[in-house]
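Report on the structure given below.
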Amino acid sequence: MTARAVPRKREVPPAKSLKTARLGAILLLLAQKWRNTWRALTSMGTALVLLFLLALGAIPG
């Protein structure tokens, strides 16, 4: 006699409330904005501008 596994019902996660879904969308948007801001700040163009400003600040007088 072999034991058969009893098939389990798939557990469906509860439906998200509108408030939870909206919060998730806002967090996703903020994460995307932060990622784009970080990329802009760490780009070569920003580095060149900062070096130029440093050179201007180093001029005596």
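The values are calculated or read from the model by the stated rules, or taken from the named source; none is laboratory data. As the structure is a computational prediction, the values presented were derived from the model and not from experiment. Backbone-built Cβ (ideal geometry, glycine too); neighbour counts: all protein chains shown.
To keep it simple, each residue is scored yes or no on (1) of a type in the set (S, T, N, Q); (2) in a helix (DSSP H, G or I); (3) modelled with pLDDT of 90 or more.
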| residue | (1), (2), (3) |
| --- | --- |
| 31 | no, yes, yes |
| 37 | yes, yes, yes |
| 47 | no, yes, yes |
| 51 | no, yes, yes |
| 61 | no, no, no |
* Kindly list, by first and then second residue, each pair from a residue in the range 46-61 that is under 23 Å from residue 36 (Cβ atoms) to a residue that is at pLDDT below 95 and outside any loop (DSSP other than H, G, I, E, B), limited to pairs with Cβ atoms under 9 Å and residues at least 6 apart or on different chains. => 46/40
